[in-house]
Amino acid sequence: MTKKILILPGDGIGPEIVAEAVKVLEILRARGLDISIEQALVGGSAYDKYGKPLPDETLALARNADAVLLGAVGGPRWDNLEPGLRPEKALLGLRYELKLFSNLRPAILYPQLANASTLKPEVVAGLNIMIVRELTGGIYFGEPRGVRQLENGEKQGYNTLVYSESEIERIARSAFEIARLRQRRLCSVDKANVLEATRLWREVVTRVSQEYKDVELSHMYVDNAAMQLVRAPKQFDVMVTTNMFGDILSDAAAMLTGSIGMLPSASLDANNKGMYEPIHGSAPDIAGQGVANPLATILSVAMMMRYTLAEPEIADQIETAVDQVLTQGLRTADIYAGEGKKVTTAQMGDAVAKMLQ
Ligand code: IPM
Ligand code: MG
């Protein structure tokens, strides 16, 4: 059956990088992969046209698709909108409405880029971490939330960190399953010394671990985990954590690899339907200049092949193609460290596409 892929370019550099990933998808289709490709608006660009960042039409197309490829959303033009209309709300809405609770964020250092990392090559060489971030719960979605007026006239902002056992169980299972396909080591990150919600997290993850005795489970407080990530990141195989801790730790892990422009992500529901996106943002400061790195988006297509389309060989081929263009010395500005050939967004995309032809 034809797999439906919905493309949501979004804002900032989103359209430029997604265009390169679409080149890759078109080649796969020409090679015989049974996919259909549709496009829709999301984020600030959707707000400009429809007055809301996640139009009903876009959400309906996303529900109907097998996989969604998203560029990035947001930018200074929309920063002063009320929270419910901001472009980021579209991203959170898609995650929530599509029940994409399991967010996989790999941080892999390509040896060709060891010099682009701000850490010493020996600290990061061979790095391969998978961060599994809970994506539809925690403080991002907890109620009550808001800004209220206190009796003394002062305003008070508040959010709620909530996790139910079933939410923790399902993300723990996702993480254990992934660990089984790797080095079978899982580190669960929490703040169980202070926050009750994450004390329960630790309890439930420990309980689920009884079903996965072949995986070695450890626990770490989030502050220590942040430190360990920059001190000795190779100690980690798979990390599983809450929505907000995962947001923060995945940015830190991304930088270990030299550039956030290299990192893809997958957000999956219980049936492996997924939304795929680079973990970097919309980078409005460089939008439209053709200098953005399309590799994170292209690598997101590889993840789509692996997790939703169940085409692991194609996923491997895309990853190999990226590896090869890096070996050839092609570098977008973010990964250029004085060696190799500086290329534009489109030149990088073309090079990968050609490898796959
Ligand atoms: C991410 C981003 C988003 C998040 C923002 C844009 C809402 O930082 O995907 O990591 O906080 O989840
Ligand atoms: Mg983030």
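Report the net charge of residues surrounding A287, where surrounding means a beta-carbon distance below 9 angstrom and charges are Lys +1, Arg +1, Asp -1, Glu -1.
-3
Which value, in debye to the nearest 20, describes the size of the charge dipole of region 1-122 about its Cα centre when Lys and Arg Cβ atoms bear +1, Asp and Glu Cβ atoms bear -1, and nothing else is charged? The partial results should precede the final answer.
On the way: 15 positive and 15 negative charges, 54 e Å.
Rounded to the nearest 20 debye, it is 260 debye.
In whole Å, what is the distance between the alpha-carbon centres of region 182-244 and region 42-71?
Using only Cα atoms, the two centres lie 34 Å from each other.
Which percent of the Cα-Cα distances in region 70-209 go past 22 Å? It would help to have the intermediate numbers written out before the result.
Working: 5572 of 9730 pairs.
Here the long-distance tail beyond 22 Å is 57 percent of all Cα pairs in region 70-209.
For the chain, what is the accessible area per residue in Å², given a 1.4 Å probe and the full set of protein chains? Before the final figure, lay out the partial values.
On the way: 15670 Å² over 357 residues.
Accessible area per residue, the chain: 44 Å².
For the chain, which whole percent of the accessible surface, found with a 1.4 angstrom probe, sits on carbon and sulfur atoms? List each step's numbers first, then the result.
Working: 7950 of 15670 Å².
C and S atoms contribute 51 percent here.
Which listed residue (I168, F141, N115) has the Cα farthest towards the positive end of the charge dipole for region 104-169, taking +1 on Lys and Arg C-beta and -1 on Asp and Glu C-beta about the Cα centre?
Final value for the positive-end residue is N115.
So in the chain, what percent of DSSP beta bridges are antiparallel if you round to the nearest 5?
35 percent
Where in the chain are the helices, taken as whole DSSP H runs, whose Cα atoms extend 15 angstrom or more along the long axis and whose Kyte-Doolittle mean reaches at least 1.0? Display every interim value, and only then the final one.
Details: long enough: 14-30 (24 Å, 0.81); 87-97 (16 Å, -0.50); 165-180 (22 Å, -0.46); 196-208 (18 Å, -0.35); 243-256 (20 Å, 0.89); 295-307 (18 Å, 1.41); 312-327 (22 Å, 0.05); 345-356 (17 Å, 0.43).
Membrane-span-like by this criterion, though nothing is claimed about a membrane: 295-307.
What residues have an amide H closer than 5 Å to that of E311, excluding those fewer than 5 places away on the same chain, when H is modeled at 1.01 Å from N in the peptide plane?
Long-range HN contacts for E311: R306.
Find out how many positive minus negative residues lie around G84, taking Lys and Arg as positive, Asp and Glu as negative, among other residues whose Cβ is under 13 Å from that of G84.
+2
Please say if region 174-245 is rounded, prolate or oblate, where rounded means a/c under 1.5 for a ≥ b ≥ c the square roots of the C-alpha gyration tensor eigenvalues, and otherwise the choice is prolate for a/b larger than b/c and oblate otherwise? The partial results should precede the final answer.
Values: a/c = 2.16, a/b = 1.11, b/c = 1.95.
Oblate is the answer for region 174-245, as a/c is 1.5 or above yet b/c matches or exceeds a/b.
May I have the convex hull volume per residue, in Å³, for the Cα set of the chain? Walk me through the numbers before you get to the answer.
Values: hull volume 52.1 nm³, N = 357.
Taking the convex hull of the Cα positions in the chain, it is 146 Å³ per residue.
Once a ≥ b ≥ c are taken as the square roots of the eigenvalues of the Cα gyration tensor of region 1-147, is the result rounded (a/c under 1.5), prolate (a/b larger than b/c) or oblate (a/b not larger than b/c)?
On the way: a/c = 1.69, a/b = 1.17, b/c = 1.44.
Oblate shape, in that a/c is at least 1.5 and b/c is the bigger or equal ratio.
List the pairs from K99/K273; K4/K273; K3/K49; K3/K273 whose alpha-carbon separation is above 18 Å, in the order I gave them.
Working: K99/K273 9 Å; K4/K273 11 Å; K3/K49 28 Å; K3/K273 11 Å.
Pairs exceeding the cut-off: K3/K49.
Which order do peptides 122-132, 175-185 fall in by mean Cβ count within 10 Å, highest first?
Details: 122-132: 19.0, 175-185: 17.2.
Taking the mean over residues of other Cβ atoms within 10 Å, the ranking is 122-132, 175-185.
Please compute, for the alpha-carbon atoms of region 227-314, the extent along each of the three principal axes and give them in descending order in Å.
Extents along the principal axes: 37, 36, 24 Å.
To the nearest Å, what is the center-to-center distance of region 285-329 and region 1-38, using C-alpha atoms only?
When both Cα centres are located, 12 Å separates them.
Mind checking the dipole of region 77-186: about its Cα centre, +1 per Lys or Arg Cβ, -1 per Asp or Glu Cβ, Debye to the nearest 20? Present the calculation step by step, with values, prior to reporting the outcome.
Working: 17 positive and 13 negative charges, 101 e Å.
Using only the charged Cβ atoms, the result is roughly 480 debye.
Which cross-chain or sequence-distant (5 or more) residues have an amide H under 5 Å from the amide H of H219, H modelled 1.01 Å from N in plane?
Amide H neighbours of H219, under 5 Å, 5+ apart: S188.
Quickly estimate the mean residue ellipticity at 222 nm for the chain, helices only: each DSSP H run with n ≥ 4 gives -39500 (n - 2.57), and the total goes over all residues, rounded to 500.
On the way: 12 runs with 142 residues, N = 357.
Rounded to the nearest 500, the figure is -12500 deg cm²/dmol.
Tally Lys and Arg at +1 and Asp and Glu at -1 over the other residues with C-beta under 13 Å from the C-beta of I27: what net charge comes out? Mind showing how you got there, number by number?
Working: positive: K23, R29, R31, K354; negative: E20, E26, D350.
Computed value for this residue: +1.
Rounded, prolate or oblate: which fits region 200-357 when a ≥ b ≥ c are the square roots of the eigenvalues of the alpha-carbon gyration tensor, with rounded for a/c under 1.5 and prolate only if a/b beats b/c? Provide the component values of the computation, followed by the final result.
On the way: a/c = 2.17, a/b = 1.59, b/c = 1.36.
Here region 200-357 falls in the prolate category.
The values are calculated or read from the model by the stated rules, or taken from the named source; none is laboratory data. Owing to the predicted nature of the structure, the values given are computational and were not obtained by experimental measurement. Backbone-built Cβ (ideal geometry, glycine too); neighbour counts: all protein chains shown. The area values use the complete protein model at the heavy-atom level, side chains included, leaving out ligands, DNA and RNA. Shrake-Rupley method; radii C 1.70, N 1.55, O 1.52, S 1.80 Å.
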